[in-house]
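The values are calculated or read from the model by the stated rules, or taken from the named source; none is laboratory data. All of these numbers come straight from a predicted model, not from anything done at the bench. Note: ideal-geometry Cβ built from the backbone for every residue, glycine included; neighbour counts use all protein chains shown.
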Amino acid sequence: MNIQALPRVDSLKIVPGDTVLARMTLDVPMLRDGERMLVTDDSRLRKMVPTLEELISKGARTVIIGHVGRPIHGKYDPEKTTEPAAIRLAQLLGKQVAYLPDWDFKTIADMLKQLPPGGLMMCPNARFNPSEQDEIVITATMSIEEVIKLQTKKRQEREAFANSLCGLGKYFIFDDAPAAWRPTNSSVNLAPMFPSDRRAIGSCCLHELELLEQLRAFTGPLILMVGGDKLDKLPLIRHFIKPGRQLILIFFGKMSFTFSAANGNDIPVDLVDQTMLQEAEDILTLAHNAGATLVLPSDYVIVSKGDLLRLMSDDLTTPNEPKVIPYGHVAYDIGHEARAAVGKIIKEAPAGAKIIWDGAPGLIISNGRYMFGALRICEALAGTKAQVNIFGGDTVGLVRSLSSLEGKENVIFFTAGGSGLAYLVNPQSWSAIQAFLN
């Protein structure tokens with residue numbers, strides 16, 4: 001992708017009082033505190049501050065739009081509002097951010113008229129509007145004509161929503177890297193509705209695009225650590241397996257069970273994703289033929305399924321770390337041998353190497369007490385000379401809560417999780433950015 005061809009915010013001829021519609025990253029971790037929801041990790045919001053400060057300095061009247069979580073079918077969910085993000089952004093900016101609780105465009109337009117130059121207002125969760133996402137509910141009893149009619153109605157509603165959003169700004173800015181690959185209305189359809197000299201990419205999104213391009217072009221020693229429970233990372237793994245490349249593949253978390261089974265190890269059948277077993281076998285064969293080094297857990301920290309909840313209440317004192325997971329038990333982390341092996345690989349990585357990490361090595365436990373694998377990895381990363389690239393909202397939040405890696409020159413925290421990994425495989429997957437180039 002030609003990143004230099006993308007328009008920057010500083011290229012826009014904004015004058016005081018101009019309106020700007022800004023699609024921004026608002027999807028941040030939150031927890032309930034009594035009757036309120038509070039932001040528990042503001043790292044993504046902090047990366048929105050430079051773009052917002054630039055708009056404030058230009059005297060723009062800025063309307064912020066974004067999403068939080070995945071509300072069902074566009075329905076309101078009190079735990080997924082953008083209000084906590086508005087409150088935290090106001091604290092970070094030292095400036096009020098007016099919050100709009102409902103998708104009433106007359107009310108939004110009236111408030112926008114009253115907004116002073118340099119003012120900010122926050123729209124409701126974009127996904128509270130059914131027209132944000134291209135989803136319809138089709139039942140088995142519907143005829144083809146009924147389905148077509150429903151699709152036509154949905155398209156018209158999405159066009160109307162996009163037109164209403166477009167009317168809120170003279171300029172449009174996209175600064176939401178995590179949503180760049182989602183074909184949502186406010187991510188993909190708005191940019192083409194603005195003239196080319198009235199739209200731009202925000203600073204955070206541009207910076208991450210540059211970093212992702214550097215990773216795509218990198219051909220040196222690479223350590224790819226993948227965990228968690230999502231097997232949608234398989235295209236990423238395939239992408240980096242090249243003959244002759246110095247590649248170390250480290251698997252942990254739930255997905256490692258399927259790869260361990262594919263490697264011939266004894267794994268309880270209920271822990272293996274049978275639908276992905278053949279794909280895992282193919283990847284292992286590909287890695288072997290390419291000369292890649294494969295690292296699978298040699299031991300685990302286990303607990304019986306009946307005692308799993310005790311992890312959350314600090315009741316377990318002596319971890320059980322066998323090499324084989326007995327039936328009826330859950331492996332909630334990697335064992336001491338596996339932790340030592342991964343830590344050694346990380347610490348010995350040369351200065352010219354890069355590490356890509358996405359997905360926790362075990363369960364993410366709120367008290368943090370039993371997260372042995374994550375703690376050991378963070379300790380090793382603190383001493384490595386390699387460049388560390390951390391993806392995924394959960395992984396980034398985990399590392400920030402367990403370590404002091406933030407601020408280290410060789411450690412990069414991406415706001416883009418799955419979208420960043422998708423970009424590494426195929427830059428065309430960022431449809432929101434393609435809309436600026438087409």
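Tabulated data for the structure shown
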{"read-out": "Top-ranked residue in region 91-111 [being touching a residue at least 24 places away in the same chain (Cβ under 8 Å) and farther than 24 Å from Asn163 by Cβ; ranked as surrounded by the most Cβ atoms within 10 Å (Cβ to Cβ)]", "value": "Val97"}
{"read-out": "Positions within region 400-423 being in contact (Cβ under 8 Å) with a residue 40 or more places away in the chain, part of a helix (DSSP H, G or I) and either within 22 Å of Gly253 (Cα to Cα) or among the basic types (Lys, Arg) (or both), in sequence order", "value": "Arg400, Ser401, Gly418, Ser419, Gly420, Leu421, Ala422"}
{"read-out": "Residue ID - farthest from Leu6 (Cα to Cα), chosen from residues in region 169-198 that are without any contact (Cβ under 8 Å) to a residue 60 or more places away in the chain and in contact with a strand residue (DSSP E or B) (Cβ under 8 Å, 6 or more places away or on another chain)", "value": "Met193"}
{"read-out": "Verdict on Ala380 being of a type in the set (Gly, Ala, Ser) and either in the same structural domain as Arg8 (by TED's automatic domain parsing) or in contact with a Ser or Thr (Cβ under 6 Å, 6 or more places away or on another chain) (or both)", "value": "no"}
{"read-out": "Condition broken by Val330, with the remaining ones in (1) at pLDDT 90 or above; (2) assigned to a strand (DSSP E or B); (3) touching a Ser or Thr at 6+ places or on another chain (Cβ under 8 Å) satisfied", "value": "(1)"}
{"read-out": "Residue within region 128-140 that is touching a Cys at 6+ places or on another chain (Cβ under 7 Å) and either crowded, with 21+ Cβ neighbours inside 10 Å or not assigned by TED's automatic domain parsing to the domain that holds Phe161 (or both) present", "value": "no"}
{"read-out": "Scope region 3-41; condition touching a helix residue (DSSP H, G or I) at 6+ places or on another chain (Cβ under 8 Å), aliphatic (A, V, I, L, M), part of a loop (DSSP other than H, G, I, E, B) and surrounded by fewer than 19 Cβ atoms within 10 Å (Cβ to Cβ); matching residues", "value": "Leu6"}
{"read-out": "Flag for Glu337 being modelled with pLDDT of 90 or more, over 17 Å from the mean Cα position of the chain (by Cα) and of a type in the set (Asp, Glu)", "value": "yes"}
{"read-out": "Test: Ile267 is of a type outside the set (Gly, Ala, Ser), surrounded by 14 or more Cβ atoms within 10 Å (Cβ to Cβ) and at pLDDT 95 or above", "value": "no"}
{"read-out": "Criterion (part of a helix (DSSP H, G or I), modelled with pLDDT under 95 and either at positive phi or surrounded by fewer than 23 Cβ atoms within 10 Å (Cβ to Cβ) (or both)) met by exactly one of Gly373, Gly397", "value": "Gly397"}
{"read-out": "Subset tally (residues that are hydrophobic (A, V, I, L, M, F, W, C) and assigned to a strand (DSSP E or B)) for region 376-394", "value": "3"}
{"read-out": "Unmet criterion (only one of (1) more than 30 Å from Asp175 (Cα to Cα); (2) at pLDDT below 95; (3) within 25 Å of the chain's Cα centre (by Cα)) for Leu247", "value": "(2)"}
{"read-out": "Any pair with Cβ under 6 angstrom, 6 or more apart, that starts in region 332-352 at a residue that is within 21 Å of Lys254 (Cα to Cα) and in contact (Cβ under 8 Å) with a residue 12 or more places away in the chain and ends at one that is of a type in the set (Asp, Glu) and outside any helix (DSSP H, G or I)", "value": "Gly335/Asp299; Gly335/Glu321; His336/Glu321; Glu337/Asp299; Ala338/Asp299"}
{"read-out": "Whichever residue in region 231-264 is in contact with a helix residue (DSSP H, G or I) (Cβ under 6 Å, 6 or more places away or on another chain) and aromatic (Phe, Trp, Tyr) and, among such residues, is surrounded by the most Cβ atoms within 10 Å (Cβ to Cβ)", "value": "Phe259"}
{"read-out": "Residue that is farthest from Ser57 (Cα to Cα), among those in region 116-161 that are free of Cβ contacts under 8 Å to residues at least 40 places away in the same chain and among the β-branched types (Val, Ile, Thr)", "value": "Thr141"}
